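Trainee: Quick one: the structure is below, questions incoming.
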Amino acid sequence: MITMPLAKPPRVRQLKVKKTHRQNSPAVSRRRLRRIGLIAALATILSACSGAGPQTALNPEGPIGRSIDDLWETVFIMATVVFVIVQAALIYTIVRYRSRKDDDSEPVQVHGNTKLEIAWTILPVLILASIGYPIVSGIFDVRAAAEGDDVLHVQVTGHQWWWEFEYVDIVDEDGRALVTANELYIPEDTEVSLTMTSADVIHSFWVPILAGKRDLVPNRVTNMTLIADDPTPPDEPHPGQCAEYCGLAHADMRLKVHVRTQAGFDTWAQEQLEPAELPTEGPAADGYTAFATCIACHNVLVEGPEGVEEVGPVRRIEVDGVSFSSALAPNLTHFGGRDTFGGASFDNNAEHLAQWLANPADLKPNLSDLNDVANGRILGMPNFNLSDQDIDNLIALLEGWD
Ligand code: CUA
């Protein structure tokens, strides 16, 4: 006979716990658990009543979004049919063959059924194949780079924590391409080919109403295509956001897609190519003096007495033979014309700007202590301890650049 040595009882550190009636009573904790469960369930159900949920893949506004939505619907219907059949068979079996008081005879014992086993192997294979084929071909369609004369090409560079858009087909007289940040403008009913990379870590471009997600990977080029059916109302662009956790301010790495008629888009693009005007008097002119701090990272195309010049560092990165604009911070040439700023997370108004300029990290978390301008690593705008006067002047300057 083998005897197990008795383990020495572990020394238990005595914790002084104040015992209360609540902690002791299982009925109370069960009641509390039930209450928490009820609140959680109610919150989940009531969230469906929210009318404003535009960041959804379920009301697509373009053919690519629709193809994804169609797939989801097909799979949902098939899954529902399978679920109902399996549950019905299960419930029928449980009820029909339950043990009865007046019958304690042993049920018929069976072992295996070749025909049935072949059937329940083949059937799921067929079901999965019929789901898998359209999904895989859909994935390839979504990832394909659009080609053709009518395609609008936009290069996207992901940054911690904002988006840079360069319209490589749209250039000014000097060959400078249109560059903007966080708010993408596209013409309706047009294939927009996004060629994407990242300046730092992996991000993911996601505008659910138009298309699926695609990662932006450092040192790699990825593609995706956007097509939007109709123009968006002026103050209701399609919302999107970074869908890959990319650090502290990932949640504030949002974006907007404004869809315009072709004519509306052309007008917007022409205006964007225009330089910002150099103010000569008033608070905006004083703001331009304070702006000297900003151009360590930000770019702006200004028209001054000596003509048009690009102010601020120009930075590009070469990835797989593609040259991407990779600025240290958003281009501010038409800042005043943007609805939002700070990774499309804050309405662009004087109040938010004043808060931002007083201390950016108060509005949006950042790691500006780790900035290294020389090596191109910017993790947020630092607090420059600007005076109230400078802040007012800078707001006058920036809001004037629309
Ligand atoms: Cu970029 Cu998350």
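Trainee: Return the single residue from 45, 317, 209 with maximal mean-square fluctuation; model: Gaussian network over the chain, springs between Cα atoms under 10 Å.
Mentor: 45
Trainee: Among 232, 44, 180, which one moves the most in a GNM of the chain with springs linking Cα atoms closer than 10 Å?
Mentor: Ranking 232, 44, 180 by mean-square fluctuation puts 44 first.
Trainee: Given 0.36 nm per residue, what is the gain on full extension from residue 375 to residue 121 after removing their alpha carbon distance, in nm?
Mentor: 85.7 nm
Trainee: Would you please give the residues with an amide H less than 5 Å from that of residue 213, counting only those at least 5 places away or on a separate chain, with H modeled from the backbone geometry?
Mentor: none
Trainee: Once you sort the root eigenvalues of the Cα gyration tensor of segment 290-359 as a ≥ b ≥ c, which label holds: rounded (a/c under 1.5), prolate (a/b larger than b/c) or oblate (the other case)?
Mentor: oblate
Trainee: Rounded to the nearest 0.05, what FRET efficiency do residue 99 and residue 30 give with R0 = 35 Å and r taken as the Cβ-Cβ distance? Could you check?
Mentor: Efficiency, from the Cβ-Cβ distance: 0.70.
Trainee: Let me ask something additional. Determine, for 154, 168, 373, 108, the number of other Cβ atoms within 10 Å of each Cβ, and report the residues in order from fewest to most.
Mentor: 108, 373, 168, 154
Trainee: Give me 227, 135 sorted ascending by neighbouring Cβ count inside 10 Å, so fewest comes first.
Mentor: Ascending number of Cβ neighbours within 10 Å: 135, 227.
Trainee: Would you mind working out the magnitude of the charge dipole of segment 107-260 relative to its Cα centre, with +1 at each Lys and Arg C-beta and -1 at each Asp and Glu C-beta, to the nearest 20 Debye?
Mentor: Using Cβ point charges on Lys, Arg, Asp and Glu, segment 107-260 gives about 1040 debye.
Trainee: How large is ³J(HN,Hα) for each residue in segment 319-328, as worked out from phi by the Karplus curve 6.51 cos²θ - 1.76 cosθ + 1.60 (θ = phi - 60°), to whole Hz, x for Gly and Pro?
Mentor: 10, 6, x, 9, 9, 9, 5, 9, 5, 6
Trainee: Of 139, 186, 85, how do they rank once you tally other Cβ atoms within 10 Å and put the fewest first?
Mentor: Lowest to highest Cβ neighbour count: 85, 139, 186.
Trainee: With θ set to phi - 60° and the Karplus curve 6.51 cos²θ - 1.76 cosθ + 1.60, what are the ³J(HN,Hα) couplings of segment 253-264 in order, to the nearest whole Hz, using x for Gly and Pro?
Mentor: Listing the rounded values in order: 9, 9, 8, 10, 10, 8, 9, 10, 5, 4, 5, x Hz.
Trainee: Amide H to amide H, which residues 5 or more places from residue 181 or on other chains are under 5 Å from it, using H placed in the peptide plane?
Mentor: Result for residue 181 returns 165.
Trainee: What size of dipole, in debye to the nearest 20, comes out for segment 223-320 about its Cα centre when the only charges are +1 on Lys and Arg C-beta atoms and -1 on Asp and Glu C-beta atoms?
Mentor: 380 debye
Trainee: Kindly identify segment 169-228 as rounded, prolate or oblate by the Cα gyration tensor criterion: order the square roots of the eigenvalues as a ≥ b ≥ c, call it rounded if a/c is under 1.5, otherwise compare a/b with b/c, prolate if a/b is larger, else oblate.
Mentor: oblate
Trainee: If you don't mind, there's one more thing I want to ask. How big is the antiparallel share of DSSP beta bridges in segment 137-221, given as a percent to the nearest 5?
Mentor: Bridges in segment 137-221 are about 65 percent antiparallel.
Trainee: Simple spin-label model, 7 Å along Cα-to-Cβ: residue 171 to residue 385 in nm?
Mentor: The answer from the label model is 4.5 nm.
Trainee: Here is a follow-up. For the pair residue 402/residue 86, report the inter-label distance in nm, with labels modelled 7 Å from Cα in the Cβ direction.
Mentor: 5.8 nm
Trainee: For a protection proxy built on the mean count of beta-carbon atoms within 10 angstrom, sort 393-399, 122-128, 90-96 highest first, please.
Mentor: 393-399, 122-128, 90-96
Trainee: In whole Å, what is the distance between the alpha-carbon centres of segment 187-235 and segment 285-348?
Mentor: Value for the Cα centre distance between the two parts: 22 Å.
Trainee: Using amide H atoms built 1.01 Å from N in the peptide plane, name the residues 5+ places from residue 333, or on other chains, whose amide H lies under 5 Å from its own.
Mentor: Excluding prolines and chain starts, which carry no amide H, the hits are 301.
Trainee: Restrict the search to segment 283-371; then list the GluC sites (Glu not before Pro) that DSSP places in a loop and that have at most 14 other Cβ atoms within 10 Å of their Cβ.
Mentor: The qualifying sites are 306.
Trainee: If you put +1 on each Lys and Arg Cβ and -1 on each Asp and Glu Cβ, how big is the dipole of the chain around its Cα centre, in Debye rounded to 20?
Mentor: Its charge dipole is roughly 5120 debye.
Trainee: If you plug each phi of segment 122-128 into the Karplus form 6.51 cos²θ - 1.76 cosθ + 1.60 with θ = phi - 60°, what whole-Hz ³J(HN,Hα) values come out, in order, with x for Gly and Pro?
Mentor: In residue order, the calculated couplings are 5, 4, x, 4, 5, 4, 5 Hz.
The numbers here are math on the coordinates, done by the rules we state, and not lab data. For clarity, every value in this text was computed on a predicted model and none was experimentally measured. No Cβ is skipped: glycine too gets one built from the backbone with ideal geometry, and neighbour counts run over all protein chains shown.
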